Amino acid sequence: MSNGNVVEVVDLHKSFGDLEVLKGVNVTVAPQELVFVIGPSGSGKSTMLRCCNLLEQPTSGSVLIHGQDITVAGVDINRIRTHIGMVFQSFNLYPHMTAIGNVALALRKVKKMQRGEAEDRAHQALRRVGLDEKALSHPNELSGGQQQRVAIARAIAMEPDVILFDEPTSALDPELVGSVLAVMHSLRDDGMTMVVVSHEMRFAQDAADRVLFMDEGEIVERGTPDEIFKNTQHARTREFLARVTDH
Amino acid sequence: MDAFAAQFLDLEVMQRYLPDIIDGLWVTIALALLVIVTGLVLGLALAVIRAFQIRVINLAIVGFVDVFRALPPLVILVIFYFALPIIGLTWSGFVCAWVALSLVLASFAEEIYWAGITSVHKGQWEASRSTGLSFVETLFYVVLPQAVRLTIPPLTNRTIAITKNTALASVIAVQEMLTVAQTSLAYAANTSPLTMAAIGYLLIFLPLVILSRWIERKFAWKH
Ligand SMILES: Nc1ncnc2c1ncn2[C@@H]1O[C@H](COP(=O)(O)OP(=O)(O)O)[C@@H](O)[C@H]1O
Ligand SMILES: [Mg+2]
């Protein structure tokens, strides 16, 4: 039933009132795959990601995580979410906690680890993103790029099966983008399964296994980075790429 | 100047009534502390309950809070003292003042806490929920610590303003400091006891005001 896929989005529809934002989206994400999602602003990319961990409730259709439909009644969504990491455009670190406190919170409260064990694990995650020396800093003492890396550490510390990235570098000053992309690249090299919504086309070219182009609530085209970036079959994709690579 | 001193700073009168004023001071301190603790705890509890967004309960909370914020505290005090016996509740003046002022403080505190809760960015909820924390865990570990911090300056100001209303309890015969001072004043035909009461209030509330300044600086939000 699961075909070994980590994530399977099947005929996903989402409306906000009269506004139909997702019009039947199908996506599969295989283990260790990096699926890269591009598309114009407002095309439904964030909504699609947020349906994958039920931050938004789909109107219809289903989301399967390792073959389990998480949209049906009776699912323990808090348990499911421990398997799905999420990284947000605006970092969303907890400002009243240190970096290590941010990373350890869910380990302690959800995974019920003792303080010592949780902090060991949190230090590991911070080392993984190159920020263990900032373990005791508060978010306001960190640069945007460092904050986003702590947010990535918070996600990977839970040892999720997949991490969803929603424009992880869009809020960063250009000179800080590289450090975050480098961490994401190394996660990929370690075999982390990832879905990345972003406009960093060069990263996609380097790191993505597949690229999806979304427009007006539909996936218009999908293929390898070469197929999409160098040899697109669709006028809408071509127009979009021309617009974003212009500047 | 001498006439002023004789009327307000008569040392002989002050000495005579000092023990009574000190008794009143303790009553005022006890009442103030009880009101602060009860009001702030109840207010926080109401704000937490309101966060669950259960329609009927929220209507009740908002109704209660609006009524107690609209009525002058003196009116509430008098109603409690004179109306409750009619329905068979006979509380002492002290208990009436404690409950009435606590409810007033709770109402204002609830609104302040609630404003704090709603001002915490939605992304904080989402980040926490996305790692598997439940609604309640997110509220307690992520949202409330930030909300309470934001609310400390307005809350300390409001707490001081309402706690000063312990002086209103003099109208319902609570032997707090102002009552004692007024009684002494009548007996002595001299206003010096009032001077002592004023000093007493400064002794209680000036540290609170200074503390609130310190808290405001310490918890000033840095982003
Ligand atoms: N909570 C919401 N309520 C109403 N409309 C929403 C909500 N979230 C997103 N939308 C709308 O859905 C559309 C798609 O939004 P989004 O998924 O954020 O697009 P993208 O991430 O591709 O920019 C937009 O028109 C947006 O205004
Ligand atoms: Mg978006």
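Coordinate-derived values only; no laboratory data. The structure presented is a predicted model; accordingly, all values stated were derived computationally and were not measured. Every residue, glycine as well, gets a Cβ built from its backbone with ideal geometry; the counts of neighbours run over all protein chains shown.
Using the crude model of +1 on Lys and Arg Cβ and -1 on Asp and Glu Cβ, and no other charge, please compute the dipole size for the protein assembly as shown relative to its Cα centre, in debye to 20.
With only Lys, Arg, Asp and Glu charged at Cβ, the dipole is about 620 debye.
Given a cut-off of under 8 Å on Cα pairs at least six residues apart, what relative contact order in percent is computed for segment A:11-159?
That works out to 20 percent.
Give the Debye-formula value of log10 I(q)/I(0) at each listed q (0.10, 0.14 Å⁻¹), with one equal scatterer per alpha carbon of chain A, two decimals each.
Computed log10 I(q)/I(0) values: -0.48, -0.94.
Relative to the longest principal Cα axis of chain B, at what angle does helix B:11-51 sit, 0 to 90 degrees, rounded to 10?
10 degrees
I want to verify the translational diffusion coefficient of segment B:20-219 in µm²/s; compute it with Stokes-Einstein, Rh as the Kirkwood radius over Cα pairs, at 25 °C and 0.890 mPa s.
133 µm²/s
Roughly what angle does helix B:55-70 make with the longest principal axis of chain B, taking Cα atoms, 0 to 90 degrees, to the nearest 10?
On a 0 to 90 degree scale, this one is about 30.
Let me check I've understood the local charge: for B:Leu44, count other residues with C-beta under 11 angstrom from its C-beta, Lys and Arg +1, Asp and Glu -1. What total comes out?
0
Based on the mean of other Cβ atoms within 10 Å per residue, sort peptides A:33-39, B:29-35 so the most packed one is first.
For the peptides A:33-39, B:29-35, the packing ranking is A:33-39, B:29-35.
How large is the dipole of segment B:20-219 about the Cα centre if only Lys and Arg carry +1 and Asp and Glu carry -1, each at its Cβ, rounded to the nearest 20 debye?
Charge dipole of segment B:20-219: 560 debye, to the nearest 20.
For segment B:161-189 and segment B:55-117, write down the distance between their C-alpha centroids in whole Å.
Cα centroid to Cα centroid, the span is 21 Å.
Consider a paramagnetic label point 7 Å from the Cα of A:Lys23 along Cα→Cβ; state which residues of segment A:196-239 have an amide N under 16 Å from it.
Output list for this probe position: A:213-221, A:235-237.
How big is the equivalent ellipsoid of the protein assembly as shown along its three axes, where each semi-axis is √(5λ) from the Cα gyration tensor, reported in whole Å from largest to smallest?
They are 62, 24, 18 Å, listed from largest to smallest.
For segment B:25-138, what class follows from the C-alpha gyration tensor (a ≥ b ≥ c being the square roots of its eigenvalues): rounded when a/c is under 1.5, otherwise prolate if a/b is larger than b/c, else oblate?
Verdict is prolate for segment B:25-138.
With helices defined as uninterrupted DSSP H runs, which ones in chain A have an alpha carbon span along their own long axis of at least 20 Å and mean Kyte-Doolittle hydropathy of at least -0.5?
Both cut-offs are met by A:174-189.
Below 21 Å Cα-Cα, how many Lys pairs turn up in the protein assembly as shown? Only count pairs eight or more apart in sequence, or on different chains, if you could.
Total qualifying Lys-Lys pairs in the protein assembly as shown comes to 8.
In Å, what is the Rg of the alpha-carbon atoms in segment A:1-141, and how long is Dmax?
17.5, 50
What ratio of Cα Rg to 2.2 N^0.38 Å holds for segment A:165-247?
1.11
Residue farthest toward the positive end of the dipole of chain A, with Cβ of Lys/Arg at +1 and Asp/Glu at -1: which of A:Ala155, A:Thr232, A:Asn3?
The one lying farthest along the dipole's positive direction is A:Ala155.
Using the Cβ atoms and a cut-off under 13 Å, what net charge is assigned to the surroundings of B:Trp26, where Lys and Arg are +1 and Asp and Glu are -1?
-3
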